[in-house]
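Report on the following structure.
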Amino acid sequence: MEYNFREIEKKWRQRWVAQQTYKVTEDAQRPKFYVLNMFPYPSGAGLHVGHPLGYIASDIYARYKRLRGYNVLNPMGYDAYGLPAEQYAIQTGQHPAITTEENINRYREQLDKIGFSFDWSREVRTCEPGYYHWTQWAFQKMFGSFYCNKCQSAQPIEKLVEHFEKEGTANLDVAQSEELSFTADEWRAKSDVEQQQVLMNYRIAYLGETMVNWCPELGTVLANDEVIDGVSARGGFPVVQKRMKQWCLRVSAYAQRLLDGLETIDWTESLKETQRNWIGRSEGAEMVFQVKSEGVESDKSFTIFTTRADTIFGVTFMVLAPESELVQQLTTAEQQTAVSEYLAYVKKRTERDRISDRKVTGVFSGSYAINPFTGEEIPIWISEYVLAGYGTGAIMAVPAHDSRDYAFAKHFNLPIVPLIEGADVSEESFDAKEGIVMNSPAAGKSALDGFSLNGKTVKEAIAATKAFVASHHLGRVKVNYRLRDAIFSRQRYWGEPFPVYYKDGMPQMIPEECLPLQLPEVDKFLPTETGEPPLGNARKWAWDTSKCQVVDCSAIDNETVFPLELNTMPGFAGSSAYYLRYMDPNNDQALLSTEADQYWQNVDLYVGGSEHATGHLIYSRFWNKFLFDLGVSCKEEPFQKLVNQGMIQGRSNFVYRIKDTNTFVSYGLKDQYDVTPLHVDVNIVSADVLDIEAFKAWRPEYATAEFILEDGKYVCGWAVEKMSKSMFNVVNPDMIVEKFGADTLRLYEMFLGPIEQAKPWDTNGIDGSHRFLKKFWNLYWDSQQVDKLTSQQVDELTSKQVDTQNKQLVNLSTCQLVNLNVDEPTKDELKSLHKLIKKVTEDIENFSYNTSIPAFMIATNELTALKCHKRAILEPMVVLIAPFAPHIAEELWEALGHTTSVCDAQWPVFEEKYLVEDTVKMMVAFNGKTRFGIDFPADADNATIEAAARGHELTPKYLEGKQIMKVIIVPKRMINIVCK
RNA sequence: GCUCGAAUGGUGGAAUUGGUAGACACGAGGGACUUAAAAUCCCUUGGCCAGUGAUGGCUGUACGGGUUCGAUUCCCGUUUCGAGCACCA
C-alpha cells in the first residue's frame, strides 16, 4: 500500500474539524498546560516556510502534553492592527478592515494545511470591538490608577486624592512625572481642572508633554523600541525629537518589578540580559550643587546624578544637557550669544547625526557651581553629550575617570585630577571601578567635616560617599532606570480608539458600560493637513454624554456633546494581554472570568521571535503586572518559559549573465567571462540546477536566452539572505505540502537544526524526511503474505519492487496492513522501542526535536531489519510520532483498529529494564589511548575487573614488559591502565 | 566600549555528569534493479600515510596554554562571528 499523503492529510483535516478534536474546555479533573505562539500580523505576503517553524515546535509540545494527560490550551489569533495595512489603505483607498480580513483568510488557509492542534473556537483578532473593548478597559483602569512605591502596586487614584486631602504631598512615596509639593489646604483650594492637572502627574496612563520620537514620514510618534539608530524600525525614515502632548504609560514605575521578575522565569539568559540592559538599572547618588553666578552666590541650585560619588574630589567642571531648563537660568549675560548659537547648532542635529559623528562640542554657561564637599568653584558647561532624558539632565564631570568627560576636558583644556593610585591619565581616562583612592581631598585642601576617602578601595569609597551625602543632606541615594514611560498615542487610523473625550481641555473617560468605543469610518486614512490624526476626518466622532453614544461632530456644544480623542493606540496595545483573552475569549462581561484565570493561570510555554525582546515582551509583562495588581490576573509573570525560534533565512539562487548579452553561463564556468549575477526564482531551481524551460517562461526578456552549460546542466550559484520577495527566494509552505505533505514539512522543519538558531532554508534536504515517513509507513503495510508466495509469483507481481537480498517486498500495492501477530516481542525489538521512548521524551522536554527525528529513523530501520510486525511495538511507535506527524499517525492508529483519535492515546511509558544489557563493553585504554573493547558480565564488580586487568588477562600483547602503575575503572565505561 | 552567546567534515548538525568525536540527514562518488527514466535498495565518504586485502598507524572539534590516566566538554589567554545595549554619567 502506497503512502498517499495527500488523501490521508485531507481526510484527517476534515475529520478533525468535524469531530472538534482540538476544542478545549476547562476541566478541573486534569492539570492544565498553556502553550502559546506569538500571534502573527497577517501581512499581504502570506506565510513563508519560516513562519510555521515556531508553530510546529509548540504544536509538538502541545500534542505531547496532551498525550501525557494534560488539558492543553493551544490557541491562535491575529494581531490585526498595524501600519502596513494602513499604508496599503492610503495607497489604494481600500479600507484596512477589508484587506486585513482577506489576509487573515489566506493565513488561515495556509495554517490549516500544516496540521496544527489549534483550538480555533478561541481565535482572537485585535481589531474586533469584542476584543479591543478590553484593551480600552485596561487603559481606563490605568488612567484611574497611580503607583504606590511603598506597597509596590497600582492603587485606585481615589486613594491618592484622599491622601492629598489629608496631608497634601507630605509622606508621599509614589511614581510621578515630576516632584510636586503642596499642602492639604492648597489641594482643596484648587479648582476641579487644576486638581485634574495635578492627578495627571501620578496616573499610570497619563497625558504628558514629553520629548517624543516624531517620524515626519510616517506622520506619527514612535516608542523607543520602534526606533533603531535614529530611524524608524518600519520603513527606515528619519526620526526627530519633538515636544508633544501624548498619552503615556508609566512603565517606569514597574522597572524594579520587571527586573526582579526575570529571576522567576525560565527564559534564555541572553533574552533576560537584553531586558536588563533595556531597563538599565544603575545605583548611584543625586547631589545638589549651589550655583555662583557672575561672582555672586545665588540661591539657585541644581541636582546631578552619578554612579561614582567617590569621584567628587575630581570634579573639574559640570555639564548640562542643551535641552535642560537649567540652561536658560544659568547662562550669564555675557555668554548669552555663544550659548544661543550653540543651542541653535544642537537643534539642527538629528538623533542620527549625534550617533553617526560624535564630535566634542559645548559652550561655557558663564556660571559656576560650588563643590558641596570642598567649596571649590566649578565652571558649568553645556554640551550635547549629556542627555536631557536621563537622570537629571546634568552631570558632574570627572575627566580623570570618565572617558567622555576626558575627551571634553582635553578639547576645552580643562584640568584633569586623578584620584586612583597608579592610574596614568596622561593619554586616556581610567574608567574602571577598581584601585585605591588618593587625592581626596587633594593635598592642602580640606573637605567638609574632614571627609576623606584616601586609602579606600573604589567600592568602599562609593559606599562611604553615599552614606556621607545622605547623612549631611547633600543629596540622596538614588536608583535610576534607563527604561522610559511608553508613548501610547499614534497619529494613525488603523488602531484602537481611545475611550476618551475632552471637556475643558481635560480628558474624560467614557463610562465603562458604554465600551467598546468603536473605530469610526473615515474618508481618508492619511493624517489631515493641519497635523491632526486621521480620526479628524471622521464626521461622526463626538461624544454625547446624555445619550452615552457617538454622535456627529457638528453637534459638539461642549455642554453635553464633546470632542473625542483623535489619536489611536499603538500596535503593542492589542498584543499586551491577548494571552489572557484566549482563556475566556467570548466573555462580554469581563476581560476574562476569575474561573478561567484561576484554571489557566499563565502561559507555560511561549514561543516566538527574539525581535520582541524590548517591545512586546516588556509591555505585556508590564501590562500583566498591572492587571495582577488589579486582581484580574492571578500570576505576576505572564510567560513562564519562553523559547525564541531562530529566523529561517532564504537561500537565494543566482544565474550569471554575460555582460551586454542575453547569454547565461553556468556557475562553474562563470570566471571565464565578464558576468553579472542575477537573482533567479528558487522555485525554478532544483538542487542548484536551473530548469531552463521554466526560466525562459519566467520573464519575457529571458524567452530568447541562451545558455552555456556544464555537463549538460545549468548550475546556479547561491547565497544565504533574508527571505524576501525581492530576492526571489521565498519558499511557500503550500508548495511543500502539495509536493511532500504536511507531515514531511513538519518533520523537516524540526530536523533542520536547533529551534533557537537562525538557519537557511534548503529544500534539497527534504527528501530525507519524506523517505523516512515512507519507511515508517512500510513498517505497517507490508508483506507477511509475501513469504507465502513462490518466487515465480513474486516475479509476476506488477510492481516488481523486490529487494533481492532480503526477499522482502516493499511498496506492494496488493498488501494489507501488517497481519499483526500476537507473539511476545523480542528483546531486540523492545530495546529499539524503549530507546526511542527515552530519547523522544527527553528531546521534547528539552525542546531539541532535531535529534529525535534521527532517533525515529534509527528505530524504524532497526525494526524493519528485524521484520517486526508486533502490535506491542508498533502501536506505541504511532503514539510517539503523533506529535511530529499527526496525519500519518492518525491514519495508522485507525488502521490498527482504534476508533478514537490518536491525540487521546497514552504516551508510552519508558522502562529502563529493556535497555539493561547482559554484558557491558568496557573500553580498554593504555596511558589514555583507547585500544579496544572487552565484554564483561553486566554485574561484574570493579574488583573483578581490576584483577583481570592487573593479571594481564585482558591485554597480554600490550602489557608485555610493562609495569602497571594504576588501573582506573570508570563505571560501565572504560578501564584505563597506566603503565611504564 | 560594555554585556551575553557561539566556533566540530563539502553542508545542516550529533556526542549523557569529562570516557571509542563526526550520530542522523543532505550533497558527492560507486553499485543493483530497469529498454530508459522515476522510485527503491546496497556500499564508500574528516585529513594524511602504509598494505593486494581484511586491516593498521598518525593526525583531527577556531588558535595558544593549563588541570586530568583521559578534554569537543572544565580553567586561563587570543582570534573570529552573531546578538543586545551604547555619549545612560
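Can you name the condition, by its number, that A:L874 falls short on among (1) away from RNA strand B (no atom under 13 Å from the Cβ); (2) open to solvent by 50 Å² or more (accessible area, probe 1.4 Å)?
For A:L874, the failing item is (2).
Identify all residues within region A:549-565 that are closer than 16 Å to A:F498 by Cα and open to solvent by 40 Å² or more (accessible area, probe 1.4 Å); write none if there are none.
A:Q549, A:P563
Just give me the residues in region A:276-309 being of a type in the set (G, A, S) and more than 9 Å from RNA strand B (Cβ to nearest atom), in sequence order.
Correct list: A:S293, A:G295, A:S298, A:S301.
Among the listed residues A:E421, A:E428, A:E384, which satisfies the condition of being acidic (D, E) and touching a helix residue (DSSP H, G or I) at 6+ places or on another chain (Cβ under 6 Å)? Even if it seems obvious, please write down each step before you answer.
Numbers: A:E421 fails: touching a helix residue (DSSP H, G or I) at 6+ places or on another chain (Cβ under 6 Å); A:E428 fails: touching a helix residue (DSSP H, G or I) at 6+ places or on another chain (Cβ under 6 Å).
The match here is A:E384.
Quick check on my filter: what residues within region A:695-707 are under 42 Å from the mean Cα position of the chain (by Cα) and exposed (fewer than 15 other Cβ atoms within 10 Å of the Cβ)?
Residues of region A:695-707 under 42 Å from the mean Cα position of the chain (by Cα): A:695, A:697-699.
Correct list: A:A697, A:R699.
Does any residue in region A:374-389 that is more than 8 Å from RNA strand B (Cβ to nearest atom) come within less than 7 Å, Cβ to Cβ, of a residue that is part of a strand (DSSP E or B) and open to solvent by 50 Å² or more (accessible area, probe 1.4 Å) six or more places away or on a different chain, and which pairs are these?
A:E377/A:Y368; A:I378/A:Y368; A:P379/A:Y368; A:I380/A:Y368
Which numbered condition in (1) surrounded by fewer than 21 Cβ atoms within 10 Å (Cβ to Cβ); (2) within 15 Å of RNA strand B (Cβ to nearest atom) is the only one that A:A400 fails?
(1)
Which of the residues belonging to region A:304-344 are under 26 Å from A:V231 (Cα atoms) and either among the hydrophobic types (A, V, I, L, M, F, W, C) or open to solvent by 60 Å² or more (accessible area, probe 1.4 Å) (or both)?
Listed by number, the residues that qualify are A:L320, A:A321, A:E323, A:L343, A:A344.
Of all residues in region A:67-89, how many are among the polar types (S, T, N, Q) and within 23 Å of A:N602 (Cα to Cα)?
Going through region A:67-89 one residue at a time, the tally reaches 2.
Return the pair list, or none, for Cβ contacts closer than 7 Å from residues in region A:851-878 that are more than 24 Å from A:T744 (Cβ to Cβ) to residues that are away from RNA strand B (no atom under 13 Å from the Cβ) and assigned to a helix (DSSP H, G or I), at least 6 apart or on different chains.
A:L866/A:D828; A:L866/A:E829; A:H869/A:Q784; A:K870/A:E829
Report, by residue number, each residue of region A:236-245 that is in contact (Cβ under 8 Å) with a residue 60 or more places away in the chain and surrounded by fewer than 23 Cβ atoms within 10 Å (Cβ to Cβ).
If the condition is that a residue be in contact (Cβ under 8 Å) with a residue 60 or more places away in the chain and surrounded by fewer than 23 Cβ atoms within 10 Å (Cβ to Cβ), then A:P238, A:V240, A:Q241 are the ones that fit.
Just give me the residues in region A:277-288 being over 14 Å from the mean Cα position of the chain (by Cα) and either free of Cβ contacts under 8 Å to residues at least 60 places away in the same chain or open to solvent by 50 Å² or more (accessible area, probe 1.4 Å) (or both), in sequence order.
Matches in region A:277-288: A:N277, A:R281, A:E283, A:V288.
Specify the residue that is farthest from the chain's Cα centre (by Cα); the eligible residues are those in region A:176-203 that are hydrophobic (A, V, I, L, M, F, W, C) and assigned to a loop (DSSP other than H, G, I, E, B).
A:F182
Just checking, how many residues over region A:1-15 are in a helix (DSSP H, G or I), in contact (Cβ under 8 Å) with a residue 24 or more places away in the chain and either open to solvent by 20 Å² or more (accessible area, probe 1.4 Å) or in contact with a Phe, Trp or Tyr (Cβ under 9 Å, 6 or more places away or on another chain) (or both)?
So the count comes out to 5.
Which residues, taken from region A:189-218, are in contact (Cβ under 8 Å) with a residue 60 or more places away in the chain and out of contact with any helix residue (DSSP H, G or I) (no Cβ under 9 Å at 6 or more places or on another chain)?
At the first step, the residues of region A:189-218 found to be in contact (Cβ under 8 Å) with a residue 60 or more places away in the chain are A:193, A:196-197, A:203-208, A:210-213, A:218.
Hits for region A:189-218 are A:V193, A:Q196, A:Q197, A:T210, A:M211, A:V212.
Just the residues that are closer than 21 Å to A:F488 by Cα, free of Cβ contacts under 8 Å to residues at least 60 places away in the same chain and surrounded by fewer than 20 Cβ atoms within 10 Å (Cβ to Cβ), please, taken from region A:595-645.
Correct list: A:E611, A:F628.
Would you check if there is a residue in region A:178-189 being away from RNA strand B (no atom under 16 Å from the Cβ), open to solvent by 20 Å² or more (accessible area, probe 1.4 Å) and among the polar types (S, T, N, Q)?
Yes: region A:178-189 contains one or more residues that are away from RNA strand B (no atom under 16 Å from the Cβ), open to solvent by 20 Å² or more (accessible area, probe 1.4 Å) and among the polar types (S, T, N, Q).
Using the structure shown, decide if A:S576 is in contact (Cβ under 8 Å) with a residue 40 or more places away in the chain, open to solvent by 30 Å² or more (accessible area, probe 1.4 Å) and either within 16 Å of RNA strand B (Cβ to nearest atom) or within 26 Å of A:E521 (Cα to Cα) (or both).
no
For the list (1) at pLDDT below 95; (2) under 24 Å from A:P527 (Cα atoms); (3) more than 16 Å from RNA strand B (Cβ to nearest atom); (4) open to solvent by 10 Å² or more (accessible area, probe 1.4 Å), I need the number of the one condition that A:T220 fails.
Only one criterion in (1) at pLDDT below 95; (2) under 24 Å from A:P527 (Cα atoms); (3) more than 16 Å from RNA strand B (Cβ to nearest atom); (4) open to solvent by 10 Å² or more (accessible area, probe 1.4 Å) is unmet by A:T220, namely (4).
Pull up region A:391-411, narrow it to residues that are assigned to a loop (DSSP other than H, G, I, E, B) and of a type outside the set (G, A, S), then point me to the one that is nearest to A:A321 (Cα to Cα).
Within region A:391-411, the match that is nearest to A:A321 (Cα to Cα) is A:T392.
Tell me, please, whether a residue that is more than 11 Å from RNA strand B (Cβ to nearest atom), crowded, with 17+ Cβ neighbours inside 10 Å and over 30 Å from A:W267 (Cβ atoms) can be found in region A:838-857.
There is no residue in region A:838-857 that is more than 11 Å from RNA strand B (Cβ to nearest atom), crowded, with 17+ Cβ neighbours inside 10 Å and over 30 Å from A:W267 (Cβ atoms).
If you take the residues in region A:362-373 that are of a type outside the set (A, V, I, L, M, F, W, C) and either under 18 Å from A:Q328 (Cα atoms) or out of contact with any helix residue (DSSP H, G or I) (no Cβ under 8 Å at 6 or more places or on another chain) (or both), which one is nearest to RNA strand B (Cβ to nearest atom)? Even if it seems obvious, please write down each step before you answer.
Applying the first criterion (of a type outside the set (A, V, I, L, M, F, W, C)) to region A:362-373 yields A:362, A:365-368, A:371-372.
From what's left, either under 18 Å from A:Q328 (Cα atoms) or out of contact with any helix residue (DSSP H, G or I) (no Cβ under 8 Å at 6 or more places or on another chain) (or both): A:362, A:365-368.
Values: A:G362: 9, A:S365: 16, A:G366: 21, A:S367: 19, A:Y368: 19 Å.
Among residues in region A:362-373 that are of a type outside the set (A, V, I, L, M, F, W, C) and either under 18 Å from A:Q328 (Cα atoms) or out of contact with any helix residue (DSSP H, G or I) (no Cβ under 8 Å at 6 or more places or on another chain) (or both), the one nearest to RNA strand B (Cβ to nearest atom) is A:G362.
Look at region A:225-271 and say how many of its residues are of a type outside the set (F, W, Y) and in a loop (DSSP other than H, G, I, E, B).
The qualifying residues number 10.
Can you find a residue in region A:460-480 that is under 23 Å from A:V212 (Cβ atoms) and either of a type in the set (D, E, K, R) or modelled with pLDDT of 90 or more (or both)?
Yes: one or more hits.
The values are calculated or read from the model by the stated rules, or taken from the named source; none is laboratory data. These numbers were taken from a predicted model, which means no experiment stands behind them. All Cβ positions, glycine included, derive from the backbone under ideal geometry; neighbour counts span all protein chains shown. Side chains are part of the model used for accessible areas, which takes the heavy atoms of the whole protein and leaves out ligands, DNA and RNA. Shrake-Rupley method; radii C 1.70, N 1.55, O 1.52, S 1.80 Å.
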